[in-house]
Amino acid sequence: MKPFIVKLAFIGASVLFSVSSCQKEKLSSSESDTPKAGIRNEVVSKEVKTKFASMAINTGDILPYNMAELNGEVTEGYLAHDIFIPKKSLWTMQSYSTTSAGRTQLYKTNTIDLPASGTKTINMIAYTGSTIGDIGGLNQAEQDALTWAVKRYNDLKLKISFKLSFSTDLNTTLAAQTYVTRDTDDNKDGGFANFPVNGAPGKRIIVNQKTRDNGTKALRHVFVHEIGHTIGLIHSDYRTRLSCNEPSPGEVSRYFTDDNGYPTAVHIPGTDQSGNLITSVMKACYTIDVDQGVFTSEDKKALGIIYGK
């Protein structure tokens, strides 16, 4: 039987990993001044696509998207696979361009500011309260998988660590540096995340409800992947999304090269140079019952270079 491949989504990150969840969203039909959650009926401009490309984010499926927040507000932005970037943050995100000398390493985007000494602890809170609109609290299986994923990062003894807690309180959850919720739409798989902005970790991680149906391995993989985005890792196969079988093996989108034909991403010295790596936890798509969020030696090397002591 052909393995079932699931795409993941992210809201901002940087080592080349690719997970995105194939999903369809409801178009908002409201014409009022108050934005509604879902896909906006507008054309993505060339300028927006160019900005995404400068951050090594595949531009083929960018959606104008309004993200529902836990406090009832709606944030206007753009959704590219599993990455959501608010409009207000897009133009402050760092753009990159490389030279031929940079073609021998992996890639990253905005990262988290580190203290001069010691470890920076990121306060992460997962919401476990009542459903609010399409936003739900994590069930026990999701809580266990998130706990497992956070421990995988903390076990690396980096200059960043995560303090994970769970809360049923709305305001407590929103006050976290990074908070985690569930999308209750049964048709969605995978997850979403935000990239770091202004030296702070990505604000939000969302796991889609259908992911729990794929089992513990899938939940663990999605959480490890999306946490990676919040600290600045991009998809490991960003050039071709080879793990998703799109666009086609070996094809490199023109949006991912500069005028000299070199990748528009920041390389991580000493790591995979292809932009086509499909063994990383940060690959764009995962295979059910196969991928389970376990770091490879390449993943550990990249994280060590960026955040190692």
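Quick look at the numbers
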quantity	calculated
Unmet criterion (only one of (1) within 30 Å of ILE288 (Cβ to Cβ); (2) modelled with pLDDT under 75; (3) crowded, with 19+ Cβ neighbours inside 10 Å) for GLY38	(2)
Selection within the range 281-291 - part of a loop (DSSP other than H, G, I, E, B) and over 19 Å from PHE192 (Cβ atoms)	ASP289, VAL290
LYS157 being crowded, with 18+ Cβ neighbours inside 10 Å and in contact (Cβ under 8 Å) with a residue 60 or more places away in the chain	no
Every residue from the range 41-83 that is assigned to a loop (DSSP other than H, G, I, E, B) and open to solvent by 10 Å² or more (accessible area, probe 1.4 Å)	ASN41, GLU42, VAL43, VAL44, SER45, ASN58, GLY60, ASP61, GLU69, ASN71, GLY72, GLU73
Residues of the range 39-79 classified as free of Cβ contacts under 8 Å to residues at least 60 places away in the same chain and within 17 Å of ARG241 (Cα to Cα), total	2
Neighbours by Cβ (under 9 Å, 6+ apart or cross-chain): first from the range 121-145, under 10 Å from THR181 (Cβ atoms); second among the acidic types (Asp, Glu) and part of a loop (DSSP other than H, G, I, E, B)	TYR127/ASP169; GLY129/ASP169; ASP134/ASP185; ILE135/GLU69
Residue in the range 163-180 that is touching a residue at least 12 places away in the same chain (Cβ under 8 Å), closer than 30 Å to THR271 by Cβ, in contact with a helix residue (DSSP H, G or I) (Cβ under 9 Å, 6 or more places away or on another chain) and small (Gly, Ala, Ser) present	no
Residue check, LEU138 open to solvent by less than 10 Å² (accessible area, probe 1.4 Å) and closer than 25 Å to GLU73 by Cβ	yes
Selection count, the range 226-244, where residues are of a type in the set (Lys, Arg) and either open to solvent by less than 10 Å² (accessible area, probe 1.4 Å) or in a strand (DSSP E or B) (or both)	1
Every residue from the range 192-225 that is β-branched (Val, Ile, Thr), open to solvent by less than 10 Å² (accessible area, probe 1.4 Å) and either farther than 29 Å from PRO115 by Cβ or not in a strand (DSSP E or B) (or both)	VAL207, THR211, VAL222, VAL224
Count - residues of the range 190-218 that are modelled with pLDDT under 90, small (Gly, Ala, Ser) and out of contact with any helix residue (DSSP H, G or I) (no Cβ under 9 Å at 6 or more places or on another chain)	1
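Results for (1) charged (D, E, K, R); (2) in contact with a helix residue (DSSP H, G or I) (Cβ under 9 Å, 6 or more places away or on another chain), shown as yes or no for each residue.
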site: LYS188; (1), (2): yes, yes
site: VAL224; (1), (2): no, yes
site: THR230; (1), (2): no, no
site: LEU233; (1), (2): no, yes
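The values are calculated or read from the model by the stated rules, or taken from the named source; none is laboratory data. Source: prediction; values computed, not measured. Because the Cβ atoms are built from the backbone with ideal geometry, glycine has one as well, and the counts that use them run over all protein chains shown. Please note that ligands, DNA and RNA were not included when accessible areas were found on the heavy atoms of the full protein model with its side chains. Shrake-Rupley method; radii C 1.70, N 1.55, O 1.52, S 1.80 Å.
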